[in-house]
Amino acid sequence: MHLIEVMDLKKFYRSGLFNRQCTRAIDGASFHIDRGETLGLVGKSGCGKTTLGRLLLRLIEPTSGKIFFDSKEITRLNRREMRRLRPRMQMIFQDPESSLNPKMRTAESIAEPFRLGLRGRMSRSEIEEKSLELIDAVGLNAEHLNRFPHQLSGGQNQRVVLARILAIKPEFIVADEPTASLDVSVQAQILRLMMDLKSEFGLTMLFISHDREVVEHMSDRIAFMEKGSVSWEEGLNSIRDIC
């Protein structure tokens with residue numbers, strides 16, 4: 001069953017005061033992502049991958065086209081309706097430290113979704129218990145709870161981001177180059193963690209990267225993007241040939 005379905009999605013940007021030049025960031029993308037699947041999106045920098053990921057979550061508005069989430073056309077929803085839907089879809093950004101509040105300790109960051117009632121009202125003891133469960137799930141420990149983002153490594157901050165996202169219990173995640181800013185030695189650890197969490201929590205994912213080997217490792221299917229257009233290849237060998 002499709003969790004995400006995209007039909008003829010377009011995003012154009014116009015620039016210039018008099019000569020209104022048009023940049024076709026996304027030019028007629030159509031695809032689907034099945035529930036529980038990871039779709040890999042590979043392409044060079046600047047080809048529109050991040051724009052497409054943001055469009056799927058309606059962090060930016062499309063020029064035209066349709067986006068369906070769980071059979072509901074989200075391109076027709078108003079702001080209030082999208083706000084109710086948003087906990088079910090989340091995004092992992094490239095730079096984990098910039099995704100976290102620099103004034104919040106790890107424990108506060110992970111507990112924030114619970115305090116905001118995104119999973120229903122919970123007591124303080126319940127919040128602490130759930131936060132500790134998530135800390136353990138992402139491979140951190142109690143000594144990290146009282147640290148600020150600048151006191152943690154890039155890999156540790158990305159684990160905190162993952163714990164925050166899991167606190168909301170989303171169904172769909174857009175992972176936009178989630179290991180791009182990390183050291184090579186840490187990248188493999190985070191990728192393995194993401195695969196384990198996907199299996200444990202039954203997540204559906206769009207995994208975005210310019211690194212075809214990483215995409216091949218993480219994905220059930222692969223799409224290739226170039227100049228705003230999405231194309232499909234049946235096997236991994238053809239992806240290597242294109243890249």
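Check whether at least one residue in the stretch 35-49 is exposed (fewer than 15 other Cβ atoms within 10 Å of the Cβ) and of a type in the set (Val, Ile, Thr), and report yes or no. Within the stretch 35-49, none of the residues are exposed (fewer than 15 other Cβ atoms within 10 Å of the Cβ) and of a type in the set (Val, Ile, Thr).
Across the stretch 21-47, which residue is farthest from the chain's Cα centre (by Cα) among those that are of a type in the set (Lys, Arg) and not in a strand (DSSP E or B)? Residue satisfying both the conditions and the ranking: 44. The residue list 75, 50 contains one member that is within 24 Å of residue 216 (Cα to Cα) and modelled with pLDDT of 90 or more, which is 50. For the stretch 83-114, a residue qualifies if it is outside any helix (DSSP H, G or I) and of a type in the set (Val, Ile, Thr), and exactly one does: 92. Checking residue 80 against (1) out of contact with any helix residue (DSSP H, G or I) (no Cβ under 9 Å at 6 or more places or on another chain); (2) closer than 21 Å to residue 207 by Cα; (3) assigned to a helix (DSSP H, G or I): exactly one of these is not met. Which one? Every listed condition holds for residue 80 apart from (2).
Once the stretch 115-125 is narrowed to residues that are in a helix (DSSP H, G or I) and modelled with pLDDT under 85, the residue that is surrounded by the most Cβ atoms within 10 Å (Cβ to Cβ) is 115. Scanning the stretch 55-77 for residues being out of contact with any Leu (no Cβ under 8 Å at 6 or more places or on another chain), part of a helix (DSSP H, G or I) and crowded, with 16+ Cβ neighbours inside 10 Å gives a total of 1.
The values are calculated or read from the model by the stated rules, or taken from the named source; none is laboratory data. Note that the coordinates shown come from a computational prediction; the quantities given were computed from them, not determined experimentally. Don't worry about glycine lacking a Cβ; one is built from the backbone with ideal geometry, like all the others, and counts go over all protein chains shown.
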